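One structure is given below, encoded as structure tokens.
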Amino acid sequence: MFRLICAALLTAFVALADAVDCGLCLDGDYKKTVSNCDLLIDLDPNSAFAHYNRGDAYSNLGDYRKAIADFTQALKLDPNNDNADIAYAARGDAYANLGDYGKAIEDYNRAIKLEPKYEGYYNNRGAAYSNLGDYRKAISDFTQAIKLDPNSATIFMHGAIAYGNRGLAYAKLGDYKAATKDARKACELGVCDALAQLGKNKLIRD
């Protein structure tokens, strides 16, 4: 009986720690988040939630290899989670930050397969293709992102970013008129980096 009671208390404590940790993992103090997730993982090594949150914290701290390890473990522990696309995309972002664009694209492919209507995944895959010099595939992805968020209605401004990214991809292909049109549209929607870059390089064409 005593063992059963202890087991029940431990289960309740783990559930409580999981709930508390969720808030801590979102408060912006990423070193503190890592420490809290470490404690939770010590209590419950099979918590996909804790591994994902610690991976996110590591990414924000720039420790992408540890982030990849945690995202991989989270996916291994709970591969059918409704938010698996987010974990794949987060791991893809970590690979991209390490310059491994091939693996990043593989993870973005997995994320898109699970959630084909989220524009951010196309934007990020397009950026990976751009970094590999495959500008036509990049343009295709940026175009899809724009179709899904044409007015940059989300708080992440993916539509605006996609217009800017597509403009820069067009510029790499020598289509400066298309590049200028997209960069100006991006700026109208609130993201002016691409237009500034074209202007700096004297590539704006009317």
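The values are calculated or read from the model by the stated rules, or taken from the named source; none is laboratory data. Since the structure is predicted, the reported quantities are computational estimates derived from the model, not experimental observations. Cβ placement follows ideal geometry from the backbone for every residue including glycine, while neighbour counts extend to all protein chains displayed.
Among the residues here, D182 does not qualify as surrounded by fewer than 24 Cβ atoms within 10 Å (Cβ to Cβ), modelled with pLDDT of 95 or more and not hydroxyl-bearing (S, T, Y).
Quickly run through the stretch 28-86 and pick out the residues that are among the acidic types (D, E), modelled with pLDDT under 95 and either more than 20 Å from Y121 (Cα to Cα) or touching a Gly at 6+ places or on another chain (Cβ under 9 Å) (or both). I'd like the intermediate steps shown before the answer.
Within the stretch 28-86, the first condition is being among the acidic types (D, E), and the residues that meet it are 29, 38, 42, 44, 56, 63, 70, 78, 82, 85.
Subset that is modelled with pLDDT under 95: 29, 38, 42, 44, 56, 78, 82.
Hits for the stretch 28-86 are D29, D38, D42, D44, D78.
Residues that are hydrophobic (A, V, I, L, M, F, W, C) and touching a residue at least 40 places away in the same chain (Cβ under 8 Å) number at least 2 in the following helices (runs of 4 or more DSSP H) confined to the stretch 141-206: 158-172.
The single condition among (1) outside any loop (DSSP other than H, G, I, E, B); (2) on the phi > 0 side of the Ramachandran plot that G62 does not meet is (1).
Exactly one residue out of G120, G126, G92 is touching a residue at least 40 places away in the same chain (Cβ under 8 Å), buried (at least 17 other Cβ atoms within 10 Å of the Cβ), part of a helix (DSSP H, G or I) and touching a helix residue (DSSP H, G or I) at 6+ places or on another chain (Cβ under 8 Å): that is G126. Among the residues of the stretch 50-69, some residue qualifies, meaning at least one is surrounded by 21 or more Cβ atoms within 10 Å (Cβ to Cβ), closer than 18 Å to N109 by Cβ and of a type outside the set (S, T, N, Q). Scanning the stretch 63-85 for residues that are closer than 15 Å to E115 by Cβ and among the aliphatic types (A, V, I, L, M) yields a count of 2. Screening K113 on (1) closer than 21 Å to S47 by Cβ; (2) surrounded by fewer than 16 Cβ atoms within 10 Å (Cβ to Cβ) shows it passes everything except condition (1). Within the stretch 144-161, the presence of a residue that is under 30 Å from Q73 (Cβ atoms), out of contact with any Gly (no Cβ under 6 Å at 6 or more places or on another chain), modelled with pLDDT of 95 or more and surrounded by fewer than 23 Cβ atoms within 10 Å (Cβ to Cβ) is excluded.
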